[in-house]
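The block underneath contains the structure these notes are about, expressed in structure tokens.
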Amino acid sequence: MLNRQFVHVSLFPLPYSAEMPMFVFAVLCFALGLIIGSGFVGTKASRLNRMLKKEHKHVMALQNEISALHIEKGNLLPSALPE
């Protein structure tokens, strides 16, 4: 079977309907799922990236504070600190 038989696709609450081959319908469903899935993944990645940047800034501020305290006490040379 080649999935070339025509199917009637209707978007029930909306007044839209179409006749198309089964393989076209399958490809459209696959493409729609790909687009929706990549949108969800992109949103999640964007949220995680913002959180990562915020935490990185916080860590850098704490490292700067620690280095300032060490320099103030004379316990550690500033060149020995990580950047």
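None of the figures in this text is laboratory data; all of them are computed from the coordinates on show. Note that this is a predicted model, so its numbers are computed, not measured. Here the Cβ positions follow ideal geometry from the backbone for every residue, glycine too, while neighbour counts run over all protein chains shown.
Name the residues whose placed amide hydrogens come within less than 5 Å of the amide hydrogen of Met20, ignoring near sequence neighbours (fewer than 5 apart) on the same chain.
Placed amide hydrogens put Val7, Val9 under 5 Å from Met20.
Calculate the spin-label point distance for Met51 paired with His8, positioning each point 7 Å from the Cα along the beta-carbon direction, and give it in nanometres.
Distance between the two pseudo-spin positions: 4.9 nm.
With θ set to phi - 60° and the Karplus curve 6.51 cos²θ - 1.76 cosθ + 1.60, what are the ³J(HN,Hα) couplings of the stretch 3-13 in order, to the nearest whole Hz, using x for Gly and Pro?
6, 9, 5, 7, 10, 9, 10, 10, 8, 3, x
For the stretch 21-31, what does the Karplus curve 6.51 cos²θ - 1.76 cosθ + 1.60, with θ = phi - 60°, yield as ³J(HN,Hα) per residue in whole Hz, taken in order and with x for Gly and Pro?
Whole-Hz 3J(HN,Hα) from phi for the stretch 21-31: x, 4, 5, 5, 4, 5, 5, 5, 5, 4, 5.
From the gyration tensor of the Cα coordinates in the chain, what semi-axes in whole Å does the equivalent ellipsoid have, largest first, with each one equal to sqrt(5λ)?
Details: eigenvalues 775, 36, 5 Å².
Whole-Å semi-axes of the equivalent ellipsoid: 62, 13, 5.
Counting other Cβ atoms within 10 Å, which chymotrypsin sites (Phe, Trp or Tyr not before Pro) in the stretch 17-74 have at most 16 and lie in a DSSP loop?
none
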